[in-house]
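Here is the structure we will look at, set down as structure tokens.
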Amino acid sequence: MAIVVDAHHHFWDTDKSDYYWMTDELAAIRGRYGPDEIRPVLAARGIDRTVLIQTIPSFPETEQFLATAATTDFVAGVVGWVDLADPNVASILAGLMSRPDGRKLVGIRHQAHDEPDPDWLRRPDVLHGIAAVQQAGLAYDVLVRARELPAALDLVWGLPEGRFVIDHIAKPNIKEHELEPWASLIKPLADCSNVWVKVSGMIEEADWAHWRPEDLVPYVQRLLDWFGPERLIFGSNWPVCLLAGSYVQVYDALVQALGDITPDQHDRIFGGNAATAYRLDVGMPL
């Protein structure tokens, strides 16, 4: 039986930490979201394993997430945060991975799309840090919009041995049904065999109140054509997705947008590709 993986979700407690990006517009998702809250949702949709993704540029959060993953049966991996511009990043990563729970660290991410500089991913100190991520055997999650995609392409070309996962299909303007400049900027990344794309975070870029699964089709079908079913990865983006729909709606909308794919292709997108990109030890279904 194929293992089903949700490769992108978050935990947080807004009473204990400051989430700079959680504006008043996002007040509906304030509160506590942790293993107890997501477990029944995963069970209802038959999700076996997950990847827990960082939410803020916080080293303590990464340590907390590793500890949580070590005691949570369904969390197969953590994509954490370190200061990529720190000249000692290699030793910092080594320290994380040497922890008793360090085997759960499978990747690193930074909110590059929140940096004022669209060329942040081209900075020599940042490139040095991402090279250290590659050398540590970890994946790098690329969180960008269209503005940063040219820099992301240069990053990937410059580190051909790295593994890169584009989060949330690079956040096109689905609300306005815009394909450009997103399509022209993300398509060249398909020529890089070390790049996967998370088909996640899409309904949050659509009209929260009025989106339909059909709104996602032009984006998903292009990605399916360019990257193939071997390099697309399902992620729910829970609990951010709750701004626009339920977990079940996210899952079902992607199934509909993918259209007529084979069972093997479905298994890859909803599990196998995540295991490959993040080198997950997924074991047997729960």
Which residue fluctuates the most in the chain, going by a Gaussian network model with Cα springs under 10 Å, if the choices are Thr71, Thr23, Thr14?
-> Thr23
Distance in nm between pseudo-label sites at Ser58 and Ile261 (7 Å out along the Cβ direction from Cα) | 3.3
DSSP bridge pairs, the range 5-278: antiparallel proportion in percent, nearest 5 | 10
Exposed-site-free run, longest, the chain (rule: GluC sites (Glu not before Pro); DSSP loop; at most 16 other C-beta within 10 Å) = 1-160
Rounded to whole Å and sorted largest first, list the principal axis extents of the Cα atoms in the chain.
-> 47, 42, 40
Longest DSSP-loop-exposure-free segment, chymotrypsin sites (Phe, Trp or Tyr not before Pro), the chain, at most 15 other Cβ within 10 Å | 22-207
With a point put 7 Å past each Cα toward its Cβ, work out how far Asp125 is from Tyr20 in nm, to one decimal.
-> 1.5
Can you list the trypsin sites (Lys or Arg not before Pro) in the range 15-85 that are in a DSSP coil and have 16 or fewer other beta carbons within 10 angstrom?
-> Lys16, Arg30
With a Förster distance of 22 angstrom and the Cβ-Cβ distance between Lys175 and Asp252, calculated FRET efficiency to the nearest 0.05 equals 0.65
The relative contact order of the range 1-133, taking Cα pairs under 8 Å that sit 6 or more residues apart, comes to a percentage of 22
Residues in the range 25-44 near a label at Asp73, defined as backbone nitrogen under 20 Å from the 7 Å Cα→Cβ point?
-> 34-44
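Throughout, read-outs are computed from the coordinates displayed, never taken from laboratory work. Worth saying up front: this structure is predicted, and the values here are computed from it rather than measured. Note: ideal-geometry Cβ built from the backbone for every residue, glycine included; neighbour counts use all protein chains shown.
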